[in-house]
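To keep things clear, I will list the structure first and then write my remarks on it.
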Amino acid sequence: MKTNKSYSKRLKVTKTGKLITRSPGFNHFNAKQSRTTQLAGRKGREFIIKAKAKSHLLPNK
């Protein structure tokens with residue numbers, strides 16, 4: 001089974017197997033935000049997905 005490349009490029013798999021993705025809504029127009037809000041967008045967030053969907057899209061992880 002092949003890995004879905006477009007899906008896997010948006011995610012990072014940690015050592016323990018968690019999925020990390022970018023925080024939504026931080027692509028542009030960040031100059032109007034406060035500095036703390038801007039920096040909060042740099043952090044990743046845990047991506048929650050069911051095991052069946054995860055095994056279908058990322059079979060090797």
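How many residues are outside any loop (DSSP other than H, G, I, E, B), in contact with a helix residue (DSSP H, G or I) (Cβ under 9 Å, 6 or more places away or on another chain) and at pLDDT 90 or above if we restrict to segment 1-48? It would help to see each step written out before you state the result.
First, pick out the residues of segment 1-48 that are outside any loop (DSSP other than H, G, I, E, B): 5-8, 12-13, 19-22, 35-40, 44-46.
Right, trim to in contact with a helix residue (DSSP H, G or I) (Cβ under 9 Å, 6 or more places away or on another chain) and you get 7-8, 19.
Still in the list and also at pLDDT 90 or above: 19.
Qualifying residue count, segment 1-48: 1.
Under 8 Å between Cβ atoms, which residue pairs at least 6 apart in sequence (or on different chains) link something in segment 4-28 that is under 18 Å from ARG42 (Cα atoms) with a partner that is part of a helix (DSSP H, G or I) and aliphatic (A, V, I, L, M)?
Pairs that qualify, where the first residue is under 18 Å from ARG42 (Cα atoms) and the partner is part of a helix (DSSP H, G or I) and aliphatic (A, V, I, L, M), are SER23/ALA40.
Select from segment 29-61 the residues that are in contact (Cβ under 8 Å) with a residue 12 or more places away in the chain and in contact with a Gly (Cβ under 8 Å, 6 or more places away or on another chain) and write down the one among them that is surrounded by the fewest Cβ atoms within 10 Å (Cβ to Cβ).
The residue in question is LYS61.
The values are calculated or read from the model by the stated rules, or taken from the named source; none is laboratory data. Only a predicted model underlies this, so the values are computations on that prediction, with no experimental measurement involved. All Cβ positions, even for glycine, are placed from backbone atoms using ideal geometry, and neighbour counts span all protein chains on display.
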